[in-house]
Structure formats: C-alpha cells, structure tokens
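These notes concern the structure reproduced below.
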Amino acid sequence: MVPMSKNKADFGTGSMPKLILKQALPLALSQVAQLLYNIVDRIYIGHIEKDSIAPLTGLGLTFPIISAILAFTLLFGAGGSPVFSISRGEGDVKKAQKVMGNSFALLTISGIILTVLTLIFAKPLLYALGAGPESFPYAISYLRIYILGTIFVMIGTGMNCYISAQGSPVIAMITTMSGAVINMILDPIFIFTLNLGIKGAAIATLISQIISFLWVMRYFIPKFGGAAVIPLTKTSLKLSPEIVKSITAMGFTGFVMEFTNSLTQVVCNRTLKFYGGEMYVGIMTIVNSVRAIMGVAVNGIVQGAQPVLGFNYGAKKYNRVLQGIRYSSLFAFVYTAFAWAVVFFFPGFFIGLFSDDAATNAVAIPYLHIFFMAYVFMSLQFSGQSTFMALGKAKRAIFFSLFRKVILVVPLTILLPRFLANPVSGVFYAEPISNVIGGAASFTAMYLTIYRPLSKKAQ
C-alpha cells in the first residue's frame, strides 16, 4: 500500500476556489507551454515567405492528424485521470496505481501504432484533407518529421495528467515549460539559421517533445529521484480488462471531443478550399491558432477543477463538489468574456503574429470577429462537460461533445455557405451558432442532472 501524502494529495479540506486555482494556474501555464510547441511553429512558419501564406496553410492541413493523435492521448491519458482521482478519494491507492500503469501501457502501444500508420499513409491523408499543389510540399515535409515524436508527446502529455492529479501541478507545468522553452530557442535556429524552413520547425518540436517525455518519466520513477506520491511500477503496467474498460469509458469523452475537432477541421478546410481557395484554409489556421491561445486558460480552469471535484465526489463531500462547480463555472465565464473583448478590440495584433501578408491579414479580421462573437458561451460548454467527466458521467459528456461538433458545427459548415451571399463567411458563422446552442444545452443538462440532485444530497 502506498501512503497518501496529505500535503500533496488531499483535496478534501481547504478553500475550494483556492484549491481550484492552485491546480488551474500551473495547469494553464503548462498548457500554454504545450500550446507553444505548435503556436511557435505557426508563428515562425507564417513568416517564412513574406508575401505567401502557403507554408502556414500546409501546416494547417496537418492539424486534423495532430488532433486525432491528441484524441488518443486523451482517451488513454486524461481518461484515466478521473478514475485515478476517484480511487484515491475512496482510499483505494492500489487501484489508483494500477489505473496509472495501465494508462501508460495504452499510451505506449497506441503511440507506436499511430506513428507507423501515419508514416505509411501520409500522402493520401493530406490530399484527402484538402492539400493542393502550393500547400502539399510544406505539409508533407512537416508531418513526416513531426510524427516521429508521436510516442513521446502522447506519453508526456498523457502522463502529465497524473502528475497534476497527484497534487503536483507545478511539476506538471515544468514538464511542458522545459520542452516549450527549448522549442522556442531551437525554432529560429533550425528554420532560419540552418535554412531548413518548415522541416526545421518539425525537428525543433521533435527534440522538445523528447525532453518533456524524459522529465515526465523521471517524476514517476523513484530511483531517478521521482517525487510521485504514487510511483509507476512494472506490475502496474499489466493490462487489466476491467481497468482498461474504465479508462476508455472515461477517456472516450475527451477522445470524441478531440476527434470531432479533427473532423470539424477536415470539413472546414475542404469547404473553404471549395468556396474560396487555399488562402482561406490559411486564414482558418490563423483563426484556430488564436482560439487555441485564448482557450488555454479556460481549459486550465475546468481541467484543474476535475481532480478536486472527483476527489470530493469519491469522498461523498457533496457540498464541496457544489462549491467547486460554482467557482469553476464562474471563473470560466469571466475569463471567456475577457478573451472575447481582447480579440474584438485587437484583432490585427493576433493575426499579425502569424502572417506578414498584408492583403491576407486585412481579409482575415472580419472572419476572426465572426468566429469569436459568441465565445463566452463556450464557458458553459466547458463547465458542463468538465463536470460530467470529473464525476464519472462519461456518456453525458460524450453526447454534448457530439451534439456541438457533429450535430451542429459540421452540418452548419456545409449548409450555411449555400444560403449566404458570401459563402466563406458561412463556415465561420458555424462556430458562434454552435457555441450558443451547444453551450446552453450542456450547462443546463449539467445543472438539472448533477447540480440539483447533489444539492438535495448535501442538505
């Protein structure tokens, strides 16, 4: 039996907003670092050719593939984290350790399989995703190198969830910060100094991912000075059908959310290429990059709340769960309102980060405004789905992820261009419409099926 450290592991006492923020702030910073792997690449790649957006368009075509890989990371990594937290809250440390070991094994196996498949089918995949003669050379050059780091990024990102869940969010932050800083340093060297262009960006990212992976592994292995309350052991790696089922059941929510994000990107890219050409695929790459930047903090808030909510739910401290839901929802709402205001008043700044093409930048501004016009409603989507995941209600979270992305975004992306004078704008309008409808539905369902029943139990 591995002893539980009260200093690091006990979320059952203390101020709920402080606990959430203590988890959320380092997690958000670690996600900033994780985001920098791709965002820094996008910034430098966007400036490779002064009057052309083709390199950035090529990079954007790889996003659905990268999102699909992240989907499997969430399935086996983030999927086990709530099970891990609930087991700890129940005092079953042995099961928590087994969950973590099985998660590691699944990440390793899937990482190897995805690497091989992507290398084999890279060319037809990119053409199916909307690559054209201008963008394909950039896309294939980046993808073939980036994909070699799949196993490192999957284990590094997936196991980082367990570092945070063990009450070490600062270490989780350092995990990704170290790799991100190195990536920022190496990018200009490989891209411009060594004149490797988009290949240089991929090489820098690969090296950074390996460094983050090594740091994560050090945390979980005691003989290397690891600080884990619950370490990774060889015996815990043996797959248990029951535990694998519980991990995939919980992780399927994140998997669906990210995989449908990949599907949405594919539909958007192909629709934009059909109605406007490759330039608009590049503009969508910029817009999605801005959304990724703005989404880091709110993701940190709701994900940081998950282990706190899960622990207290397992410990049957329902009043604390209710407090956690209220505070995480409030924090998310305030932040998304702030993010909308920043994007609305300073759109040129964000677009200019990724492109030197003045003509493209001028075209992009109104589309960025359209895309973000209802961003505050995403706080409701995040809060509802995150609460479902934290408390083990995976099926409900899956439904609302599918509802927003598959039932709303994809059909709207296809249909709206047919009814608007400017067909391209229809692709961008699909996002705010889905934010309003999907966010309201997700939060309302969470309130009726989770918050109100828990309020009765807490009385």
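Remarks
- Selected from Leu415, Ser379, Gly426, residue furthest toward positive end of dipole (the chain; charges at beta carbon): Ser379
- Ranked packing of 58-64, 178-184, most packed first, by mean Cβ within 10 Å: 58-64, 178-184
- Listed values for segment 323-339 are Karplus-derived 3J(HN,Hα) couplings in whole Hz (6.51 cos²θ - 1.76 cosθ + 1.60, θ = phi - 60°), namely 4, x, 4, 4, 5, 5, 5, 5, 4, 5, 5, 4, 5, 5, 5, 5, 4, and x replaces Gly and Pro.
- In terms of its C-alpha gyration tensor, segment 160-297 comes out oblate, because a/c is 1.5 or above while a/b does not outweigh b/c.
- Share of carbon and sulfur in the accessible heavy-atom surface of the chain [1.4 Å probe, %]: 70 percent
- Relative contact order, percent, the chain [alpha-carbon distance under 8 Å, six or more residues apart]: 24 percent
- Charge dipole (Cα centre; +1 on Lys/Arg Cβ, -1 on Asp/Glu Cβ; no other charges) of segment 90-195 amounts to roughly 260 debye.
- Comparing segment 47-198 with the 2.2 N^0.38 Å rule of thumb, its C-alpha radius of gyration ratio is 1.24 (two decimals).
- Each peptide among 231-243, 336-348 gets the average number of other Cβ atoms lying within 10 Å of its residues, and from highest to lowest they stand as 336-348, 231-243.
- Selection among Gly324, Ile437, Leu75 by position relative to the dipole of the chain gives Gly324 as farthest towards the positive end (Cβ unit charges, Cα centre).
- Computed extension gain for Tyr275 through Phe192, at 0.36 nm per residue and net of the alpha carbon distance, reaches 26.5 nm.
- Segment 419-459: chymotrypsin sites (Phe, Trp or Tyr not before Pro) falling in loop per DSSP and having at most 12 other Cβ within 10 Å: Phe419
- Simple Cβ-charge dipole of segment 153-293, Lys/Arg +1 and Asp/Glu -1, about Cα centre, in debye nearest 20: 280 debye
- Helix 241-275 vs. the chain, principal-axis angle (Cα, 0 to 90°, nearest 10): 20 degrees
- Each Lys and Arg adds +1 at its Cβ and each Asp and Glu adds -1 at its Cβ; summed about the Cα centre, the chain shows a dipole of about 1960 debye.
- For segment 169-217, the relative contact order is 43 percent, taking Cα pairs closer than 8 Å that sit 6 or more residues apart in sequence and dividing their mean separation by the residue count.
- Segment 137-218: C-alpha gyration tensor shape, a/c 1.5 cut-off, then a/b vs b/c: prolate
- Over the chain: helical MRE at 222 nm, DSSP H runs n ≥ 4 each giving -39500 (n - 2.57), nearest 500: -26000 deg cm²/dmol
- Annotation: extensible slack from Asp356 through Ala249 equals 34.0 nm (criterion: 0.36 nm per residue apart, minus Cα-Cα distance).
- Alpha carbon centroid spacing (whole Å) that separates segment 123-199 from segment 377-410: 27 Å
- Vicinal HN-Hα couplings computed from phi for segment 84-89 (Karplus, 6.51 cos²θ - 1.76 cosθ + 1.60; Hz; Gly/Pro x): 4, 5, 5, 4, 5, x
- Model label points for Phe121 and Gln459, set 7 angstrom from Cα along the Cα-to-Cβ axis, are 5.4 nm apart.
- Once the Cβ-Cβ distance of Leu239 and Arg452 is raised to the sixth power relative to R0 = 56 Å, the FRET efficiency obtained is 0.90.
- Ranked by the mean number of other Cβ atoms within 10 Å of their residues, highest first, the peptides 110-121, 304-315, 89-100 fall in the order 304-315, 89-100, 110-121.
- Between 0 and 90°, nearest 10: helix 150-165 axis offset from the chain longest Cα axis: 40 degrees
- For the chain, the longest principal axis of the Cα atoms and the long axis of helix 423-446 meet at an angle of about 10 degrees.
- The distance between label points at Ile407 and Ile207 comes to 4.8 nm (points 7 Å beyond Cα on the Cα→Cβ vector).
- All lysines inside 29 Å of Lys199 as judged from Cα atoms, apart from same-chain residues fewer than 8 positions distant: Lys50, Lys123, Lys273
- Kirkwood-Stokes translational diffusion coefficient of the chain, alpha-carbon pairs, 20 °C, 1.002 mPa s, µm²/s: 96 µm²/s
- Placing Lys123, Lys393 in order of accessible area, with the largest value first and a 1.4 Å probe, yields Lys123, Lys393.
- Signed unit charges on C-beta, dipole axis of the chain, positive-most listed residue Thr264, Phe252, Ile113: Phe252
- Taking a straight Cα-Cα cut-off under 28 Å and skipping sequence neighbours fewer than 8 places away in the same chain, the lysines within cross-link reach of Lys317 are Lys6, Lys8, Lys18, Lys22, Lys94, Lys95, Lys98, Lys245, Lys393, Lys395, Lys456, Lys457.
The values are calculated or read from the model by the stated rules, or taken from the named source; none is laboratory data. Values in this document were obtained by computation on a predicted structure and should not be read as measured data. For neighbour counting, all protein chains shown are included, and Cβ atoms are generated from backbone atoms with ideal geometry for every residue, glycine included. We work out accessible area using only protein heavy atoms, side chains counted, and drop any ligands, DNA or RNA first. Shrake-Rupley method; radii C 1.70, N 1.55, O 1.52, S 1.80 Å.
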